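The next block holds one structure in the form of structure tokens; read it before the comments.
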Amino acid sequence: MKHRSPIENRPEAPRVGTFVKTGSAAQVEILGLAGLDFAILDAEHAPLDLPALDRMLLAGRATGLPCLVRLRGRDPAMAGAVLDLGAAGIVVPHTCSAEDARQAVSIARYAGGERGFSPSTRAGGYGAARPDTYPPLADAAVAVWCQVEDARALAALDAIAATPGIDCLLVGPADLAVSLGTAPGTPAWTEAIEAIVAAGRRHGVAVGIAVGDIDDGRRWLDAGVDRLVCGSDQAFVAAGARRVRTAFSPAPSGVS
């Protein structure tokens, strides 16, 4: 049987995860125990260094939660480091062309790629993996998600989606709105996301989207998306704190 990413081995779509922006292994552990399908550790927009990612990825493995890492770019050294630490895959931001997509695949792969080889890492079982069989198994098990969030990417959607080795097109709705010079919810923004979804469907590639609430998630599932990144650990904590504060706020006083 083909060795596949642990995300792809999960039950059928939809698959639901969240961003993790707080450098806490306990947060990842809690999310894993909550039964999410995946988490994306956000090294692009949060101050997560390799020691923090090391602890977070270990917590994910301990609870069976596949964790991808969103990179700051297409740096092969950083991609190799997080994959060696046991990341289930990488999320590469601002994928605007077929060449960007090819680079995203290249930094995650041994065969024909740029990933430096060492089976002595956590991903290689600290030397337990056989050097001759580990590279192809690792290549097959690592997920590559390309984030599509720029207006200029819209002209290259088919070329991006057709790139061998791409597992998911992840819509960045906020960045996309800024790039389009519009606001979320406008016809131009909606049409752009629908075009991304259609490209993924044409080429048999999963499509994901970051959403802020459950209603948005349901809407995009109905539109053909099958990976939801719902909020973040920070948003969950903030929402819970606001709910408690609101529940115990004094009622408005009457006007005499």
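The values are calculated or read from the model by the stated rules, or taken from the named source; none is laboratory data. This one's a predicted model, so the numbers in the text were calculated from it and none came from an experiment. Neighbour counts run over all protein chains shown; Cβ positions are idealised from the backbone, glycine included.
Could you identify the single residue in G208, G224 that is within 18 Å of the chain's Cα centre (by Cα) and more than 26 Å from R72 (Cα to Cα)? None of the others qualify; the one that does is G224.
Applying a threshold of 7 Å to beta carbon distances and a minimum spacing of six or more residues, or different chains, the list of pairs starting in the stretch 120-143 at a residue that is at negative phi and ending at one that is surrounded by fewer than 18 Cβ atoms within 10 Å (Cβ to Cβ) and among the hydrophobic types (A, V, I, L, M, F, W, C) reads P135/A111; P135/F117; P136/A111; D139/A111. If you filter the stretch 67-82 down to residues that are more than 12 Å from V144 (Cβ to Cβ) and of a type in the set (G, A, S), you find that the one that is surrounded by the most Cβ atoms within 10 Å (Cβ to Cβ) is G80.
Scanning the stretch 232-252 for residues that are under 24 Å from L170 (Cα atoms) and either among the polar types (S, T, N, Q) or in contact with a Gly (Cβ under 6 Å, 6 or more places away or on another chain) (or both) yields S232, Q234. Of the numbered criteria (1) within 21 Å of V69 (Cβ to Cβ); (2) touching a residue at least 40 places away in the same chain (Cβ under 8 Å); (3) of a type in the set (A, V, I, L, M), the one I209 fails is (2). Identify, please: which residue in the stretch 186-203 is surrounded by 18 or more Cβ atoms within 10 Å (Cβ to Cβ) and under 11 Å from L169 (Cβ atoms) and is, among those, farthest from the chain's Cα centre (by Cα)? Of everything passing the filter in the stretch 186-203, A199 is farthest from the chain's Cα centre (by Cα). Mind checking whether some residue in the stretch 208-215 is at pLDDT 95 or above and out of contact with any Cys (no Cβ under 6 Å at 6 or more places or on another chain)? Yes, the stretch 208-215 contains at least one residue that is at pLDDT 95 or above and out of contact with any Cys (no Cβ under 6 Å at 6 or more places or on another chain). Residues that are out of contact with any Lys or Arg (no Cβ under 9 Å at 6 or more places or on another chain) and acidic (D, E) were ranked within the stretch 89-132; the one that is surrounded by the fewest Cβ atoms within 10 Å (Cβ to Cβ) is D132.
Taking the stretch 181-203, which residues are within 19 Å of V229 (Cα to Cα) and either among the hydroxyl-bearing types (S, T, Y) or assigned to a loop (DSSP other than H, G, I, E, B) (or both)? Hits for the stretch 181-203 are P184, G185, T190.
Restricting attention to the stretch 204-233, the residues that are buried (at least 16 other Cβ atoms within 10 Å of the Cβ) and either hydroxyl-bearing (S, T, Y) or not in a strand (DSSP E or B) (or both) total 9.
A residue that is closer than 20 Å to R74 by Cβ, of a type in the set (D, E, K, R) and either at pLDDT below 95 or under 20 Å from the mean Cα position of the chain (by Cα) (or both) occurs nowhere in the stretch 129-138.
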